Amino acid sequence: MITLLFAFGVSGWIRSENQGEAPASLAGGLGLPTISLQGREGDRQTMSEIADLAHQKRNSEADKKLKVWMKKDAKSPVPFVLAGTLAYERKQYKRCLSYCEKALSRDPQFADAYYWRGKAFEALGKPMEAVNEYRAALLSKPDHAQAKASLSALASSLGVNEEDLGVGGHSSDGRSSDGRAHR
């Protein structure tokens with residue numbers, strides 16, 4: 001499986017490619033997720049081009065390329081999560097939520113979409129909604145290091161133990177009736 005890491009930090013875009021899952025240390029401690037592309041070469045190249053455009057602050061070109069990708073691969077959650085991450089970096093948190101919801105409509109178990117929704121809710125000052133999203137990411141992918149770290153940091157900032165952060169409205173396996181990790 002090919003995993004790409006696209007993260008935006010204080011010094012700009014970080015991009016890394018490797019086989020398998022990228023370790024959290026690759027993100028330079030930024031707490032940003034990897035997006036698994038399952039070896040789809042076209043997606044990898046498109047994602048790289050969009051990241052390069054965003055790095056160069058050519059946002060309108062990046063957005064156009066994203067829209068073309070979304071139409072071309074309408075069933076994939078990946079371009080929608082990437083659009084969500086770009087919206088988040090532009091401080092367009094509601095737009096990030098919208099793109100990630102579109103990604104989840106394509107794949108209700110896509111952990112990165114839940115993670116970015118959590119980041120957006122946290123930025124909007126809605127910590128309990130963020131908790132729900134981080135928990136959903138962990139239900140979808142229990143080893144999602146960034147969701148674990150964000151949930152732990154949020155629990156600490158709220159002054160509670162991570163275990164004390166309940167997420168109501170789930171069945172015994174933590175999933176909602178529509179199969180999503182939460183809602």
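Throughout, read-outs are computed from the coordinates displayed, never taken from laboratory work. Keep in mind it's a predicted model, so treat the numbers as computed, not measured. All Cβ positions, even for glycine, are placed from backbone atoms using ideal geometry, and neighbour counts span all protein chains on display.
The protection proxy used here, the mean number of other Cβ atoms lying within 10 Å of each residue, ranks peptides 44-55, 93-104, 110-121 as follows, highest first: 110-121, 93-104, 44-55.
Alpha-carbon geometry of the range 65-175: the Rg and the Dmax are 14.0, 45 Å, given in that order.
Each residue in E162, E122 was given a count of other beta-carbon atoms within 10 angstrom of its own, and listing them fewest first yields E162, E122. Net charge near A83: determine it from the other residues with C-beta under 9 Å of the C-beta of A83, scoring Lys and Arg +1 and Asp and Glu -1. Net local charge, A83 excluded: +2. With both labels modelled 7 Å from their Cα along Cα-to-Cβ, the Q45 to D164 distance reads 5.3 nm. Between A149 and K72, the FRET efficiency estimated from the beta carbon spacing at R0 = 35 angstrom works out to 0.55. Of the cross-linked pairs K67/K141; K72/K102; K57/K141; K65/K126; K65/K94; K64/K102, those separated by over 25 Å at the C-alpha level are K67/K141; K57/K141; K65/K126.
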